[in-house]
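Remarks on the structure that follows.
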Amino acid sequence: MGVFVYLPLVLPLTALPVARLAEQHLHPRTAARLLTAVAAILAVCSTVCLALLVVVGTAQLPGNPLPDSWSDPEVRAAVPYDEVTGKVSIGALAAVLTAWAGVLLRHRRYRAKAHRALSGLGTDSEVAVLRDDEPYAYALPSAPRGGALSGAPRRPGRILVSTGMLAALTDAERHALLAHERAHLVARHHRLLLAVQLAGCANPLLRPLREAVTYCTERWADEEAAAATGDRRTTARAVAKAALVTPRPSSRARPGRTAFPGLPAFAATGPVPRRVAALLGPLPPANGWPPALTGAGIATATLVAAAGTAASTFSALNASVALFCVLEAASLG
């Protein structure tokens with residue numbers, strides 16, 4: 001296998017150009033789903049690769065419970081610099097698993113804390129209006145199962161909006177805002193954002209996909225809001241005004257004022273001018289494959305190729321695991 005054994009670790013280098021092409025040429029719904037799938041596949045491949053490198057490089061270390069046959073000379077010969085990479089992979093894999101646990105724990109705790117705070121409002125309506133002069137609005141998914149609210153019926157997702165945000169918008173713009181946040185809840189965008197956040201923890205080269213998916217989910221919700229209101233210009237105005245009145249994020253973690261980074265927010269920091277320009281432009285095509293010789297066609301082909309390459313890599317890693325099992329069986333025989 002040679003240096004190709006490290007392919008899953010460097011394949012995410014394609015993330016940045018793929019993300020840029022998808023953002024610019026694909027419908028935001030298609031781009032968000034495809035980029036999330038690519039990020040998840042590449043992250044799994046990268047993590048499995050690290051695990052296999054740990055096995056190959058450390059199976060014969062004193063005190064290691066793994067079978068020595070999993071690190072036979074024939075196996076180690078297929079991995080360049082197996083002694084160094086095997087030991088380095090231990091720390092890298094531990095860092096990945098620790099980062100995953102931290103993200104999932106913080107995400108669960110924040111959602112539970114936010115729902116506990118909302119329970120004091122005395123209403124279970126979809127829209128929770130918080131009396132606060134600071135403008136903000138975001139979609140809060142349903143409370144996590146088995147958390148602090150385990151004894152209560154499971155709540156649906158809710159829309160959090162401050163009185164300061166509502167005061168800054170007209171009635172039509174408020175309608176666009178609520179439609180935007182409702183689209184986040186219906187499409188479960190928080191799951192896509194959490195998936196790409198975990199992928200970025202698995203391999204730093206995948207972090208551009210996190211930014212791209214964040215942008216695409218906001219654009220997706222923008223288009224749903226424009227369809228619900230029937231006025232793309234009003235939706236564009238709502239996005240622009242919300243961004244202008246919303247202060248920069250601070251270190252405060254109070255539910256309502258600062259959304260967890262894995263949750264969508266109407267006026268989140270980012271390329272707001274691009275969102276407004278897109279809303280003022282023509283509606284992007286939602287269905288069908290774009291022509292092959294267009295920019296959109298090239299973007300789609302690139303995404304498909306990246307996903308196919310990642311799937312092939314994952315198949316090769318599965319074959320490597322099978323080879324280790326065969327070697328173990330042979331050594332027992």
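The values are calculated or read from the model by the stated rules, or taken from the named source; none is laboratory data. Since this is a predicted model, take the numbers as computed values, not measurements. Every residue, glycine as well, gets a Cβ built from its backbone with ideal geometry; the counts of neighbours run over all protein chains shown. Accessible surface areas use protein heavy atoms only, side chains included; no ligands, DNA or RNA. Shrake-Rupley method; radii C 1.70, N 1.55, O 1.52, S 1.80 Å.
Numbers below:
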| item | result |
| --- | --- |
| Inter-probe distance in nm under a simple model that places probes 7 Å from Cα toward Cβ, at ARG188 and ASP132 | 2.7 |
| With DNA, RNA and ligands ignored, accessible area of VAL18 (1.4 Å probe; Å², nearest 10) | 10 |
| Extension gain from ARG108 to LEU283, taking 0.36 nm per residue of separation minus the Cα-Cα distance | 59.4 nm |
| With DNA, RNA and ligands ignored, accessible area of THR98 (1.4 Å probe; Å², nearest 10) | 100 |
| Heavy atoms of LEU209: accessible area, 1.4 Å probe, square angstrom to 10 | 0 |
| Local electrostatic count, VAL196, Cβ distance below 14 Å [Lys/Arg +1, Asp/Glu -1] | +2 |
| Full-stretch length increase - GLU211, ALA228 - with 0.36 nm per residue and alpha-carbon distance subtracted | 3.5 nm |
| Theoretical gain in end-to-end length, THR163 to THR98 [0.36 nm per residue, Cα-Cα removed] | 19.5 nm |
